[in-house]
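The values are calculated or read from the model by the stated rules, or taken from the named source; none is laboratory data. Since the model is a prediction, treat every value here as computed from it, not as a measurement. Glycine also receives a Cβ, built like all others from the backbone with ideal geometry; neighbour counts cover every protein chain displayed.
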């Protein structure tokens, strides 16, 4: 009862927020279209596997498994749902799924309507998103349900005395494929035994991305074989730090792919950089070659752009949390990020192995960059450690596949 009250409160809050937030309004409008999409696109004569990803990062984690199923069992349809616009709006035309839509709020009436229309024969929840009513309904309908690449921490509600009732929702998974031993131990402590440690499917995905990385002639022309610093998914606090440093080091090229690609933010960046700045959408082979800084003002290129850097910076560490560090590390370059990285196992692992560096402010950043730029052996060694860390953790998708393929 309390859970449903909380969901209703959350839904009401989202409606209020939508009056002021374009992102929230986009999500609510998308949810309203979900049932029409299902009515139009679900083939009642076909069996569907349902993959749910909260946002873009979780989609990338689930993608290797989706594509393995598509390749090995093409007769199944793939239903892909998102909760966040940052996932749906970027991947709504993904060709690896047959039906793509938003997931409605976890209200009993909406859940039943969704399940009646989608009628999945198997469900996969990627990393997070433990929606009680959806999982209960899947269990009631005897739909095999799996958690893939999930990771658990002691501070989560499942492991608190006040969260025991909600924690029962984990029993509705037929199997949980977790990232590490701590997650398995925590689940074991609350009586969840159907657990296998497989690692993180995201490593498989970034290796796949590296193998399929785009060649970008404009970026190559910009680089001109000079040492290049690539900042991905950066926010203003990140940019204030590294731009100030590189204004003092004109011998290093600077590529910035900001998290927010809005005109005001882009103009702020341009105003801070000393020297010639070119935006990618306005770049030509002529005007880019003598530029000091290249700003990536479009989506879809960052995972390929990291390949052109000798040093990578991943943003978000001075806000709610860092973005995808392994997307950069897979290219064998050292990675730098801000202090808010404690919730990210791969970031902590990269620091431990010597492939990444956390900075708390300008002094830390200056010290790390001074050493990387002046000690070539140290730069190379740190990059090798980062690349080895990623390549050594491939194979999670294969482990999940071995478990489920006999059930398809």
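So in segment 182-210, with the set limited to residues that are over 21 Å from residue 350 (Cβ atoms) and without any contact (Cβ under 8 Å) to a residue 24 or more places away in the chain, which one is surrounded by the most Cβ atoms within 10 Å (Cβ to Cβ)? Break it down stepwise before answering.
Start the filter on segment 182-210 by keeping residues that are over 21 Å from residue 350 (Cβ atoms), which leaves 184-196.
Now drop any that are not without any contact (Cβ under 8 Å) to a residue 24 or more places away in the chain, which leaves 184-185, 188, 191-195.
On the way: 184: 18, 185: 13, 188: 11, 191: 10, 192: 19, 193: 8, 194: 13, 195: 21.
Within segment 182-210, the match that is surrounded by the most Cβ atoms within 10 Å (Cβ to Cβ) is 195.
Name the residues in segment 54-86 that are more than 25 Å from residue 325 (Cα to Cα), in contact with a strand residue (DSSP E or B) (Cβ under 8 Å, 6 or more places away or on another chain) and in contact (Cβ under 8 Å) with a residue 40 or more places away in the chain, would you?
69, 76, 79
Do we find a residue being within 20 Å of residue 180 (Cβ to Cβ) and free of Cβ contacts under 8 Å to residues at least 24 places away in the same chain anywhere in segment 281-298? Give the steps one after another, and end with the answer.
Going residue by residue through segment 281-298, those that are within 20 Å of residue 180 (Cβ to Cβ) are none.
Taking every residue of segment 281-298 in turn, none turns out to be within 20 Å of residue 180 (Cβ to Cβ) and free of Cβ contacts under 8 Å to residues at least 24 places away in the same chain.
Taking only segment 1-12 into account, find how many residues are surrounded by fewer than 14 Cβ atoms within 10 Å (Cβ to Cβ) and over 25 Å from the mean Cα position of the chain (by Cα).
So the answer is 8.
Consider segment 361-377. How many of its residues are assigned to a helix (DSSP H, G or I) and in contact (Cβ under 8 Å) with a residue 24 or more places away in the chain?
7
Within segment 240-259, how many residues are touching a strand residue (DSSP E or B) at 6+ places or on another chain (Cβ under 7 Å) and either closer than 15 Å to residue 299 by Cβ or outside any loop (DSSP other than H, G, I, E, B) (or both)?
9
Which fully enclosed helices (runs of 4 or more DSSP H) of segment 260-357 have 2 or more residues being surrounded by fewer than 24 Cβ atoms within 10 Å (Cβ to Cβ)?
So the answer is 263-272, 302-305, 345-353.
Quick one: in segment 386-408, which of the residues that are over 21 Å from the mean Cα position of the chain (by Cα) and without any contact (Cβ under 8 Å) to a residue 40 or more places away in the chain is surrounded by the fewest Cβ atoms within 10 Å (Cβ to Cβ)?
Looking at the filtered set, the residue picked out is 406.
Quick one: is residue 229 part of a strand (DSSP E or B), surrounded by 14 or more Cβ atoms within 10 Å (Cβ to Cβ) and not assigned by TED's automatic domain parsing to the domain that holds residue 86? Before you say what the answer is, go through the steps one by one.
Working: part of a strand (DSSP E or B): yes; surrounded by 14 or more Cβ atoms within 10 Å (Cβ to Cβ): yes; not assigned by TED's automatic domain parsing to the domain that holds residue 86: yes.
Considered against the rule, which asks whether it is part of a strand (DSSP E or B), surrounded by 14 or more Cβ atoms within 10 Å (Cβ to Cβ) and not assigned by TED's automatic domain parsing to the domain that holds residue 86, residue 229 comes out as yes.
Per-residue answers, yes or no, for (1) buried (at least 21 other Cβ atoms within 10 Å of the Cβ); (2) closer than 18 Å to residue 54 by Cα:
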| site | (1), (2) |
| --- | --- |
| 130 | no, yes |
| 146 | yes, yes |
| 154 | no, no |
| 163 | no, no |
| 172 | no, no |
| 176 | yes, yes |
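Please find, within segment 20-42, the residue that is surrounded by the most Cβ atoms within 10 Å (Cβ to Cβ) out of those that are free of Cβ contacts under 8 Å to residues at least 60 places away in the same chain and either in contact with a strand residue (DSSP E or B) (Cβ under 6 Å, 6 or more places away or on another chain) or more than 18 Å from residue 106 (Cβ to Cβ) (or both).
So, considering only residues that are free of Cβ contacts under 8 Å to residues at least 60 places away in the same chain and either in contact with a strand residue (DSSP E or B) (Cβ under 6 Å, 6 or more places away or on another chain) or more than 18 Å from residue 106 (Cβ to Cβ) (or both), the one surrounded by the most Cβ atoms within 10 Å (Cβ to Cβ) is 25.
Name every residue in segment 140-175 that is touching a helix residue (DSSP H, G or I) at 6+ places or on another chain (Cβ under 7 Å), part of a helix (DSSP H, G or I) and over 25 Å from residue 64 (Cα atoms), in order of residue number.
Within segment 140-175, 157, 158, 159, 163, 166, 167, 169 qualify.
Test residue 89 against the stated conditions and say whether it is farther than 26 Å from residue 157 by Cβ, in contact (Cβ under 8 Å) with a residue 60 or more places away in the chain and out of contact with any helix residue (DSSP H, G or I) (no Cβ under 6 Å at 6 or more places or on another chain).
Numbers: farther than 26 Å from residue 157 by Cβ: yes; in contact (Cβ under 8 Å) with a residue 60 or more places away in the chain: yes; out of contact with any helix residue (DSSP H, G or I) (no Cβ under 6 Å at 6 or more places or on another chain): yes.
Here the answer is yes, as residue 89 does meet what is asked.
Please find, among 277, 326, 333, 314, the residue that is closer than 27 Å to residue 364 by Cβ and out of contact with any strand residue (DSSP E or B) (no Cβ under 8 Å at 6 or more places or on another chain). Before you say what the answer is, go through the steps one by one.
Working: 277 fails: out of contact with any strand residue (DSSP E or B) (no Cβ under 8 Å at 6 or more places or on another chain); 333 fails: out of contact with any strand residue (DSSP E or B) (no Cβ under 8 Å at 6 or more places or on another chain); 314 fails: out of contact with any strand residue (DSSP E or B) (no Cβ under 8 Å at 6 or more places or on another chain).
Just one listed residue meets the conditions, 326.
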